[in-house]
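Take a look at the structure set out below.
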Amino acid sequence: MERQSDHQAHIISFLFPAQGHINPNLQFCKRLVAKGLKVTLITTISIRNTIYPSKSQMPDESDLSGINIEFISDGFNDAKKVAAQIAEDIDAYLELFKVAVMQSLIKFLQTTGEWDCQPKVIVYDSNMPWIQDVADQFGLYGAAFFTASCAVANIFHLANEGVVKLPVEGQVSVPGMPLLESKDVPSSLHEVTCYSIILKLLLSQFDNLSRAKWVLFSSFDQLEGEVLKTLPSQWAIKTIGPTIPSMYLDKRLNTDRDYGLYLLKPDEGTTKAWLNAKKEGSVLYISFGSLANLSEEQAQEVAYALKTIKHSFIWVVREPERKKLPTDFIENLPDNGLILSWCSQLEVLNHSAIGCFLTHCGWNSVLEALSAGVPMVAMPQWMDQPTNAKYVEDVWKVGIRVKTNQSGKVIPRDEINHCISQVMDEGTTKRDIEHSCHG
Ligand code: UDX
């Protein structure tokens, strides 16, 4: 361990092992380093083995913008074993993960006594409130980090308090938020039996919050001012978003590609060249994030929608999802289409050729589209995405949401095409997004 000056404040941050949680946490750590703080980022050996299959690929501190990175055991130490345990019994996985990480973290913190630069704060994902117990044991300040929106935290908090009754059916009125219908609330508050384990995890976020020194949100006041006013005053809230690399927030910064921790390997190089050949605002970008799995029927409806549109498109389809696409679609992919297993989404969204983002509305994706000024077609799948989609369409008016038909959850190709056309041909959201991005 590199020794640092006694006077430099040292912050430890633990990453929750999912892409949508890693990205904002990593960006936050980079900002702390830029402010002159010492940061040690801790994640699991399973994550290390996924990102860096061989030792030669391991980053050093200069790769990671000066962040020191350490790896501890989650009891599995292998992403395949993690995936198998999650598939078998996710509740058991979460418990095993908690016990193993807690033990490893304690062991790790015991070694810090020898460091010149003692850690003072531990930042932890709000899904791991038990890290506050570890913080207390070692006399560290705890900072709970919410990677979803303030609106979503608010509704889960009220559900936890029994103010919002579960399951949410019909309409629900929540202070500081627009009137929500059941289709607008996070899926685990609506379909409580189907998502009972996720619900338990998300309600646990508030367990130790009163003991946290800070409650961090990957959001910003101008975006969620109304709901921020209604969150409990005893929480020491700090909005730290948008947690986007500064090179994308300030285009004048002429920085090279930003360093990321990708669980899936992004396409290198070819996408940029492909985009460079396209006209401004002419390309549709499609991604459903790192976790959502479309039903086969839904994947096919998206494919058939794309087959007939006149716009160029990039569709991120993670490897296991590809088999759901019609064979003739893959084999006769139109010249104007590109299918990728993963990309640098920020690089794509910030390319001038992108004119619309068909998105599942994961919170990071929404913030990234907003910061890049790209209007959205919202096609939420589960978790917090329906609430984010509600805000995209009705509050910030930076996109439109696909409508479900009476018969079920599959969005038909015509509806998908209609929404894309509204955004790309008729510029329905153009004025609003310009207003909101410059506001
Ligand atoms: C999920 C949730 O839905 C999200 O709202 C929650 O806060 C975290 O867990 P996920 O489904 O992965 O996350 O979506 P999102 O929050 O949008 O995060 C995906 C991240 O992966 C984004 O930062 C995006 O830039 C990145 N990404 C996605 C890539 O870098 N490349 C891709 O090809 C696709």
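Among the helices (runs of 4 or more DSSP H) confined wholly to the stretch 182-291, which include 2 or more residues that are under 30 Å from SER65 (Cα atoms), away from the ligand (no atom under 16 Å from the Cβ) and open to solvent by less than 30 Å² (accessible area, probe 1.4 Å)?
none
Is there a residue being farther than 25 Å from TYR262 by Cα and either open to solvent by 10 Å² or more (accessible area, probe 1.4 Å) or at pLDDT 95 or above (or both) anywhere in the stretch 122-132?
The answer is yes; a qualifying residue exists.
Only one residue in ALA277, ALA303 is free of Cβ contacts under 8 Å to residues at least 24 places away in the same chain and over 22 Å from ASN388 (Cα atoms), so which one is that?
ALA277
Whether any residue in the stretch 414-422 is open to solvent by 10 Å² or more (accessible area, probe 1.4 Å), among the hydroxyl-bearing types (Ser, Thr, Tyr), in a helix (DSSP H, G or I) and within 16 Å of the ligand (Cβ to nearest atom) is what I want to check.
no
Among the residues of the stretch 159-172 satisfying the criterion of being open to solvent by 30 Å² or more (accessible area, probe 1.4 Å) and not in a loop (DSSP other than H, G, I, E, B), which is farthest from the ligand (Cβ to nearest atom)?
Result: GLN171.
Conditions: (1) closer than 30 Å to VAL410 by Cβ; (2) within 16 Å of the ligand (Cβ to nearest atom); (3) not in a helix (DSSP H, G or I). MET128 meets all but one. Number of the miss?
MET128 satisfies every listed condition except (1).
On the basis of being among the basic types (Lys, Arg), within 16 Å of the ligand (Cβ to nearest atom) and touching a residue at least 24 places away in the same chain (Cβ under 8 Å), does LYS390 make the cut?
So LYS390 passes the test.
LEU26 passes all but one of (1) of a type outside the set (Asp, Glu); (2) closer than 15 Å to LEU261 by Cα; (3) assigned to a helix (DSSP H, G or I); (4) in contact with a helix residue (DSSP H, G or I) (Cβ under 6 Å, 6 or more places away or on another chain); which number fails?
(4)
The values are calculated or read from the model by the stated rules, or taken from the named source; none is laboratory data. Since we're looking at a predicted model, the values are computed, not measured. As a convention, Cβ positions derive from the backbone with ideal geometry for all residues, glycine included, and neighbour counts pool all protein chains shown. Calculation scope for accessible area: heavy atoms of the full protein, side chains included, ligands and nucleic acids excluded. Shrake-Rupley method; radii C 1.70, N 1.55, O 1.52, S 1.80 Å.
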